[in-house]
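Colleague: One structure coming up, written as C-alpha cells, with questions to follow.
Laboratory data are not the source of any read-out in this text; all were calculated from the coordinates shown. Since the model is a prediction, treat every value here as computed from it, not as a measurement. So basically every Cβ, Gly included, is an ideal-geometry build from the backbone, and we count neighbours across all protein chains shown.
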Amino acid sequence: MAELAYRDAVAAAIAQEMERDENVVILGEDIAEAGGVFKTTVGLLDKFGAKRVRNTPIAEQAILGAAMGAAMTGLRPIAEIMFSDFLAVCWDIVVNEIAKARYLTDGQFTMPLVIRTANGGGSRFGSQHSQSVENWAMAVPGLKVVAPSTPADVKGLLAAAIRDPDPVIFFEQKSLYATKGEVPDGELVDELGKAKVLRKGDDVTIVALAAMVPRAMAAAKRLQKEDGVSATVVDVRSLVPLDTQTIFKEVQHTGRLVTVEENPRLCGWGAEISSIVAEELFYDLDGPIIRITSPHCPIPSADDLEDAYLPNAERIVETIRREVD
Amino acid sequence: MDVIMPQLGETVAEGTVTVWHKKVGDTVKADELLFEVGTDKVETEIPALVTGIITEILVAEGETVDVGVKLAVIDDGKEAAPPTEAATKDIIMPQLGETVADGTVTIWHKKAGDEVAADELLFEVGTDKVETEIPSPIAGTLKEILVAEGETVDVGVTLAVLALKDGATAPKAAAAAPAAAPKATPAPKKSKPATAKQSHAAPISPVVARLLAEHSLSISDITGTGRDGRVKRKDVLAHIGGAGSAVGGDTEVVPFTYTRKLTAEHMVRSKATSPHVLQAVEVDFLGVEIARRSMKDSWKAEHGFSLTYLPFIANAVCEAIADFPRINASVVGEALHIHKKINLAIAVDLGEEGLVVPVIRDANELSVADLATAINDVAAKARDGKLSGDDFTGATYTLSNNGSTGTFITAPIISQPQVAILSTDGVSKKPVVIEGDNGDEIVIRPVGVLAQSFDHRAIDGAYSGVFLGRVRQILEETDWAAELS
Amino acid sequence: MPNDKIENDDIGEEKRLELYRLQLECRYLEKRAYDLFLQNLVKGTSHLGLGQEAIAAGFGAAMHSDDYTFCTYRGHNHTLVRGSSMTGILGELMGRECGLLHGKGGSMHLTSAEHGAMGSYAIIGAHIPIAAGAAWSAQYRGTDQVSVCFFGDGTTNIGAFHEGINMAAVWKLPVVFVCENNLYMEYTPIEDVIPVEHPAADRASAYGLEKIIVDGNDADEVYRTAEVAFAKARAGDGPSLIEAKTYRHSGHSRADTATYRPKGELEEWLKRDPIDMYRGRLAEFGIAEKVISKLEADAMAIVDQATEEAKASPVPSLDAIETNLWADGGSSWRN
C-alpha cells in the first residue's frame, strides 16, 4: 500500500498501462515537459519519450479528432482536454463523431480511446473553467462516463478505462487533485459500471459522485452524531455503465434516496437516477426522492459565493434534517 | 339495443359464441336465454337484457371475437335518445390556435330570432393572437345568445344555440365539446403555476401503502412516529412484529433483502411458467472416485483447490447434451429454440446474500481439468463479489450442487428460460448389486443421485430419462484417469 | 499517333485503363443513384459527385490498398474507388440489409474499413483532424501508409480545417488533404465567402505548405499530383494540401435544382466533362475503340448487377436498432 495524491494516481495509471501496451499513447496541451497544468502527467515524458507523450497546439478539435483517427487505426490514445468546459469547443467530435462512428457503420470501427479532463468547481476559476459536465456526456449514447472520488479509484478506473474497447470520458475532479489516499501496490485494474458503498446505514441512502462524495461522508458522520440518523453513502463512480442494482439494493434497504450533484439544477445526473428509482422502486420508497444540486446559474467566482453555490456537507445535513423524517 | 360480447373474467379478452338460441326475426323476452359463450375458462348462458325482436345477428356460432364487440341487435321499440321538440345545434367557442385556451366574443352579426344561412358570418372572436370571423356551420334560426359581446370564455363553452330548420337533423357532433350551463360564466384567467411543493397532512408513502395492503392492515391500525404523526415504513414493520429483531410477540419479521426478493420472484415465475417434472438416476461413481483419489494430492498441490465430482458431472452432461440437444433449449411461444452452444450455469450459494448462478461459456469445449478450474474460478469470483453482468447471461443449462450438504435428492427449480436443471446430490457408500463372475453379488460403491427437473412443455419423460441414462453411462464407463492426464 | 508520346508515357496503358474504368463506375453509380432516387427507392438525401469523378479516380488509382481514405457526405465515388462493394453502396442508399452499413448510416456515412474507406463524414471539416489522426497512427507504427482526406471548397473556412492541417504540418504527418473546389459552397459561390482567390491553395502557406492547384477534371493530372504527394508523405516529409478544380453537374444535394448558377456555366463545364475528355485521351494513346466500349459495357453491367442485388435485399431487421453501440455488439448502459 502507498499513499498517493489523486493527481499522482492519474500518472500512475497511465504509466502502468503504457508499460503494458505499446499502443497506448497520450496527447494534450502542455502534458509533456510541463507534466500537465494540473501536474497529472509528471514523469511520463521521461519514462516513455516524445513519440508516445505528445504536446499539441491549442486545438481541441484537432486533439480529439487525432485521437479518434488513431483509435480507429490500431492505437489506444488518451487525449487530455485541459478543462472539461472546453469539451464545448470540440463537442462535435465527441458526440457526432466519436460517439457514433461504431453505431452508424454497424460495427466497422472499434474506438478504444479515453478522453481525460479536469472537471468541476471549488478552485475560484470562474464559470468557464469550473463546470461539472459529466451530465452532458451521460446524455449522449455511445460514451462511457467515469468520475472517481479517491486516488485508488482514479488509478483502478483509469486503467480499466484505458483497457476498455469503447470511448470513455474520464472526469477528474480538479478540487480533489491534492487529496491523498491509500492505493494498493502493483497492478491495479478496477471495473467500470460498479458503484461503491462507502458507508452502510438504515435511514437514508445518499448517492453522490466525485467531489460530492467526501462531503456526503462528512454529512453522514454529522447526521449520525448530531441527529442519530444513519445514512448509507454510495459513490456512483461510473454514470455509464450505471450500477443500478447497487443503488436499488441500498435504497430498498433505507426506503429514502437523496442524490448530491455538483451539476446545476436541470438535467444533472441525479435526475436520471431519481427517475429510474422512482419508476422501478416506487413501492419501496418511504418518501419523495430529494436532489441536492447547485442552483441553476453559472458558477460565481468569489470565495464565499462559490462555496455557497456548490453543495457542501452543511447543506446536505440541513436538507436531510428537513426532508427525511 | 346492441348485444355485446361480455367479459366473463378479469383476464379474459375474448369469447366464442357457441350457441344462438334465437335467430333473426325471433322475439325474445328480457331474461330469456339468448346465446351461449365459451371462453378458455368457462361456458356461460347469456340472457337477453330487453324484450324485443332480433333484427341482426352479426357474429355466427363458432366465431371468436374480442370482449365488447357487437354480436346482435334487438329492436326493443325504444329510441336511442329522447327526442327534442326541434333539433338544435350549440355554437361553441372555437380553439383558434394550439396554445389558445379562451377567446372573447367581439361582435355578434345576428341577434336572437334571426335566420342564418349555412356559412353566413355569425360572430367574431378575438384571442390574444388573432381576430377571426366565424361562419354558421348550418342553416337555422338563432334561438338564443348565451355569451354577450365583450365577454371572454374558455374554448368549448356554448356561446349560442341555433334551432335547425324543420326536417333537418342535427349533424353528428364533431370532437366532444364540454357541455356548459345555459348561461356560461366567463372562466377566470389561469393563475401562475404554483411553485410551492404540495403538502399533505400525514401522507401515506408508497412503501407504507404496499405493506398495509400486503398485510391487510389499515392506516388507522398503525401509530405513526414520523413528522406530524406520519406513519413511516418502520412503524408498519414494527406493528407487524418488529424489523429484524424479536420484539415481544411470537414472530420475528425479517424483511427480504433485495437479492432475496429477486430470487423469490424468479422462483415463483419459473414454477408458474414451466410444468416441472422430477426424474432421477442413481450413479455409481467408482470410476470417477478412482481417478479423483489418484490425482487428489497432486491436483490440490498444483491448483490450490480440491477436485470434486462436479467437473466430471459437468463434462458428462455436456457430452450427453450432444446426443440429446433438446435438453439444452428454451421454449419461445410455441416453439423450442435449441441452443447450439452449451453455456453451463453453476449455482453458487452465498448464504445471506442469496443464490447466484454464473455461467461457464462453451463448457463442452473444456476438458474435465479445465471445467474444474473454471468452476472454481467462477465460485471464487461469486464469493468475492467480483462477478459482472456478462457472467450471468447466456446460460443454456444449470447444475445445482446440493450434494455438499449431504442430501439424497433435490427437486430443483428451472432457471428460466432454460428447460431443465440438474441437481447433483450427496455421494455416499451404498451396497449395490452387480453381476459378478459367480452371478449377482453385493459390493460397496460410492453412489449418488442425479435429479433433473425438466419442463414438460418442451420434452417428455422418455427423452429426459434416456438423457439421464446417458449421463450415468458416461460417468460410469469413461476412463477418467485418461481424461485427466 | 506520335510514337514519342507513347514512349514517354509516364502513366502507362494499364493504369490509364484503370483510371477510365474507375471514372466510369463512379459516373454510372451516381447516375443510377439519381434514377433510384426518382423512383423513391433511395430515400433521405444524397449528395452526388457527378462531374467530379476524375479526382476520386486519380487519387484512388494512386493509393496503396492499406492507405486510408476520409471523405465527406459526397463520398459515394471515394468509397467505390477503394474497391468497396457496389451492391453494398446501392444497398445502403436504399436502406437494405446488404448495405455497407446494414442500413444504420445511410448515404452520408458510407464506410468500408476493410478497403481503407474510413468513413464519409457529414459534419463539415470534422474528418480533417480525424484523417490526421490516422496518419499519426501510421507514423507511430512506422508503416508507409498515407491518409487521404477529401473535402470541398466551403470546408476551408471552418475551424477544424485550420486545426487539423496545422497539427498535421507541425507533426509532419503522412496525410494528403484534397480540396475539391467545385466553385460552390452549398448554394453560395465560393468567391463570396473567401478573401483570397484559391480557397485551399492560397491558405497552404499559412501551414508552411506548397501552393498546389490541379485540373480536377483531368484524371492523369490528378494521378500525377497524387503520386508526388504520396511519395512525399511516405518519405516522412509531411502533409500536402492540394486544390483540385472541378465542377458539380448536379445540385448540392437531391433537393437542389441549382438555379443559383449563372446561365451557361453548367453548359461550359459539361464541355469539359472529365469522362468525355478521358475517352479522347485513351484514343490519343492508341487504345482501341472496342477496348474502350468493353470497359463501358462492363462498368454498366456491374452497376446493373449491383442494382438487382440491392433491390433483392430485404430491409434490415428491427433487432438491429439497439446493436453495435459498444464493442460487445450491444447497447446496454446499466445492469
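Colleague: Please work out the FRET efficiency for the pair residue C:196 and residue B:119, using the Cβ-Cβ distance as r and a Förster radius of 56 Å; give the result to the nearest 0.05.
Modeller: On the way: r = 64 Å, r/R0 = 1.15.
So the FRET efficiency works out to roughly 0.30.
Colleague: Please name which of B:205, B:219, B:236 has its Cα lying farthest along the dipole of the range B:202-255 towards the positive end, using unit charges on Cβ (Lys, Arg +1; Asp, Glu -1) and the Cα centre as origin.
Modeller: Value computed over the given set: B:205.
Colleague: Over all residues in A:105-115, what is the mean tally of Cβ atoms on other chains that come within 10 Å of each residue's Cβ? Write down the numbers at each step before the final one.
Modeller: Working: counts 14, 14, 10, 11, 6, 3, 2, 1, 1, 0, 0.
Shielding by partners across A:105-115 averages 6.
Colleague: Here's a follow-up. Name the long-range amide H neighbours of residue C:242: under 5 Å, sequence gap of 5 or more, or other chain; modelled H, no Pro or chain starts.
Modeller: C:177, C:178, C:179
Colleague: Return the FRET efficiency for the residue pair residue A:304, residue C:259: r is the Cβ-Cβ distance, R0 is 51 Å, and the value is rounded to the nearest 0.05.
Modeller: After rounding to 0.05, the efficiency reads 0.25.
Colleague: Indicate the gyration tensor shape class of the range A:196-323 (rounded, prolate or oblate), computed on the Cα atoms with a ≥ b ≥ c the square roots of the eigenvalues: a/c under 1.5 is rounded; otherwise a/b larger than b/c is prolate and the rest oblate.
Modeller: It is oblate, given that a/c is not under 1.5 and a/b is not larger than b/c.
Colleague: Here is a further query. Considering only C:135, C:149, C:183, whose Cα is most displaced toward the positive end of the charge dipole of the range C:122-270, charges sitting on Cβ of Lys, Arg (+1) and Asp, Glu (-1)?
Modeller: Ranked along the dipole, the leading option is C:135.
Colleague: So, one more: With charges set only on the Cβ (+1 for Lys and Arg, -1 for Asp and Glu), what does the dipole of the range B:2-75 come to about its Cα centre, in debye to the nearest 20? Don't jump to the answer; show the numbers that get you there.
Modeller: Values: 5 positive and 15 negative charges, 34 e Å.
Charge dipole of the range B:2-75: 160 debye, to the nearest 20.
Colleague: So, one more: Checking the a/c ratio against 1.5 first, then a/b against b/c, what shape does the Cα gyration tensor give for the protein assembly as shown?
Modeller: It comes out rounded by the Cα gyration axes.
Colleague: Place the peptides B:289-296, B:139-146 in order of packing, highest mean first, counting for every residue the other Cβ atoms within 10 Å and averaging per peptide.
Modeller: In descending order of packing, they fall as B:139-146, B:289-296.
Colleague: Same structure, new question: Given q = 0.08, 0.11 Å⁻¹, what are the Debye log10 I(q)/I(0) values for chain C, with equal point scatterers placed on the Cα positions and solvent ignored?
Modeller: Here the Debye-derived log intensity ratios amount to -0.37, -0.71.
Colleague: I want to check the label-to-label distance for residue B:262 and residue C:7. Put each point 7 Å from Cα in the C-beta direction and report it in nm to one decimal.
Modeller: 8.3 nm
Colleague: Continuing with this model, one more query. Calculate for chain C the 222 nm mean residue ellipticity that helices alone would give, adding -39,500 (n - 2.57) per DSSP H run of length 4 or more and normalising by residue count, nearest 500 deg cm²/dmol.
Modeller: On the way: 11 runs with 138 residues, N = 335.
The helix contribution divided over chain C gives -13000 deg cm²/dmol.
Colleague: Amide H of residue C:152: which non-local residues (sequence gap of 5 or more, or other chain) have their own amide H closer than 5 Å, using H built in the peptide plane?
Modeller: For residue C:152, the qualifying residues are C:180.
Colleague: From the helices alone, meaning DSSP H stretches of at least four residues, give me the mean residue ellipticity at 222 nm for chain A, per-run term -39500 (n - 2.57), in deg cm²/dmol to the nearest 500.
Modeller: Computed mean residue ellipticity for chain A: -9500 deg cm²/dmol.
Colleague: With just the Cα atoms defining each centre, how far is the range A:44-86 from the range B:101-164? Give it in Å.
Modeller: The range A:44-86 and the range B:101-164 have Cα centres separated by 70 Å.
Colleague: Right, here's the next one. Net charge within 12 Å of residue A:240 by Cβ-Cβ distance, Lys/Arg positive one each and Asp/Glu negative one each, not counting residue A:240 itself?
Modeller: Residues near residue A:240 contribute -2 overall.
Colleague: Charges only on Cβ, +1 for Lys and Arg, -1 for Asp and Glu: so what's the dipole of the range B:262-484 about the Cα centre, in debye to the nearest 20? The partial results should precede the final answer.
Modeller: Details: 19 positive and 30 negative charges, 103 e Å.
Taking the Cα centre of the range B:262-484 as origin, the dipole is about 500 debye.
Colleague: I need the calculated FRET efficiency for the pair residue B:61 and residue B:336, taking r as the beta carbon distance and R₀ as 30 Å, to the nearest 0.05.
Modeller: 0.25
Colleague: Relative to the longest principal axis of the C-alpha atoms of chain A, give the angle of the C-alpha long axis of helix A:313-323, reported between 0 and 90° and rounded to the nearest 10°.
Modeller: Between the helix axis and the principal axis of chain A, the angle is about 40 degrees.
Colleague: Helix A:212-222: angle to the longest alpha-carbon principal axis of chain A, degrees 0 to 90, nearest 10?
Modeller: Computed tilt is about 30 degrees.
Colleague: Relative to the first principal axis of the alpha-carbon coordinates of chain A, what is the inclination of helix A:151-163, with its axis defined by its Cα atoms, in degrees from 0 to 90 and to the nearest 10?
Modeller: Approximately 50 degrees, to the nearest ten.
Colleague: Of all DSSP beta bridges located in the protein assembly as shown, what percent are antiparallel, nearest 5? Provide the component values of the computation, followed by the final result.
Modeller: Working: 89 of 153 bridges.
Of the beta bridges lying entirely in the protein assembly as shown, close to 60 percent run antiparallel.
Colleague: Show the residues, 5+ positions off or on another chain, whose built amide H is closer than 5 Å to the amide H of residue A:169.
Modeller: Here the answer is A:115, A:144, A:145, A:146, since their amide H atoms fall under 5 Å of that of residue A:169.
Colleague: A further question follows. Counting only other chains, what is the mean number of Cβ atoms within 10 angstrom of the Cβ of each residue in peptide A:284-293?
Modeller: 4
Colleague: On to the next question. In a shell of Cβ-Cβ distance under 15 Å around residue B:432, excluding residue B:432 itself, what net charge do Lys and Arg (+1) and Asp and Glu (-1) give?
Modeller: Taking every Cβ under 15 Å from that of residue B:432, the sum is -3.
Colleague: Within the set of other residues whose C-beta is less than 12 Å from the C-beta of residue A:321, count the net charge using Lys and Arg as +1 and Asp and Glu as -1.
Modeller: -3
Colleague: Rounded to whole Å, give me the distance from the Cα center of the range A:129-176 to that of the range B:276-302.
Modeller: Distance between centres, Cα-based: 48 Å.
Colleague: Additional query: Treating the beta-carbon of each Lys and Arg as +1 and of each Asp and Glu as -1, no other charges, what is the dipole magnitude of the protein assembly as shown about its Cα centre, to the nearest 20 debye?
Modeller: For this selection, approximately 2160 debye.
Colleague: Which shape class, rounded, prolate or oblate, goes with the range B:352-485 when its Cα gyration tensor gives a ≥ b ≥ c as root eigenvalues, a/c under 1.5 marks rounded, and past that a/b bigger than b/c marks prolate? Provide the component values of the computation, followed by the final result.
Modeller: Numbers: a/c = 1.87, a/b = 1.55, b/c = 1.21.
It comes out prolate by the Cα gyration axes.
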